[in-house]
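Structure first, commentary second.
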Amino acid sequence: MHLNIADELVKQLEKYQGSQIVLDLDDGVGRYSKSGSCALNISFRLLILDKDQDDSDYTLDIESIIGNIPIKEHSKLYLEDEMSLVFDPRMSLIKLKGPSGMIDGNVQIIDLRKNKE
């Protein structure tokens, strides 16, 4: 799997250099997922973790220009081989898209680092 990241998002993520960035399916499964829902909406988040924070729930990697981005194994059911993270400046939203269409229209960046810079 490969994730293309828009240039403006690469610049935005540069401030987290040295941290671990994971693509989290917020489904109620795992250490950092609190919600989870029976609804049909799919909710992905970019979580920013310290290198020493537990990321053992994320066992599969997606390649990207900023390095490998870990995901939960079961979240690949909602993902595609080629995907893009794009920024919508009109709505100030990050969108996750695949060749078949929108996967998530509002991907949030959540900073969970203990020692935020």
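Computed from the coordinates by the stated procedures, all read-outs in this text should not be read as laboratory data. Note that this is a predicted model, so its numbers are computed, not measured. Here the Cβ is made from the backbone with ideal geometry for all residues, glycine too, and neighbour counts use every protein chain on show.
With charges only on Cβ, +1 for K and R and -1 for D and E, what is the dipole size of the chain about its Cα centre, in debye, rounded to 20?
My answer is approximately 380 debye.
Return the percentage of antiparallel bridges among DSSP beta bridges fully within the chain, rounded to the nearest 5 %.
Working: 17 of 27 bridges.
In the chain, DSSP labels about 65 percent of beta bridges as antiparallel.
What does the charge count around Glu82 come to, taking other residues whose C-beta lies under 11 Å from its C-beta (Lys +1, Arg +1, Asp -1, Glu -1)? Mind showing how you got there, number by number?
On the way: positive: Lys97; negative: Glu63, Glu80, Asp81.
Summing Lys and Arg as +1 and Asp and Glu as -1 gives -2.
Going by a ≥ b ≥ c, the root eigenvalues of the Cα gyration tensor, does region 2-111 fall in the rounded group (a/c under 1.5), the prolate group (a/b larger than b/c) or the oblate group?
Taking the square roots of the gyration eigenvalues as a ≥ b ≥ c, region 2-111 is rounded.
Under a 5 Å amide H to amide H cut-off, with H placed in plane at 1.01 Å, what residues pair with Asp104 once short-range neighbours are removed?
Here Leu96 satisfy the definition.
Going Cα to Cα from Lys97, which lysines come in below 17 Å? Please leave out same-chain ones fewer than 8 positions away.
Answer for Lys97, where 17 Å is the Cα cut-off: Lys76, listed by chain and number.
Using the 10 angstrom Cβ neighbour count as an exposure proxy, how do Phe44, Phe87 rank, fewest first?
The order, fewest Cβ neighbours first, is Phe87, Phe44.
What net charge do the residues around Lys72 carry, taking every other residue with its C-beta under 9 Å from that of Lys72, with Lys and Arg at +1 and Asp and Glu at -1?
Working: positive: Lys76; negative: Asp24, Asp27, Asp57, Glu73.
That sum, taken over residues with Cβ under 9 Å, equals -3.
Identify which of Ile71, Ile42, Ile21 has the largest mean-square fluctuation in a Gaussian network model of the chain, with springs joining Cα atoms closer than 10 Å.
Result: Ile42 has the largest fluctuation of those listed.
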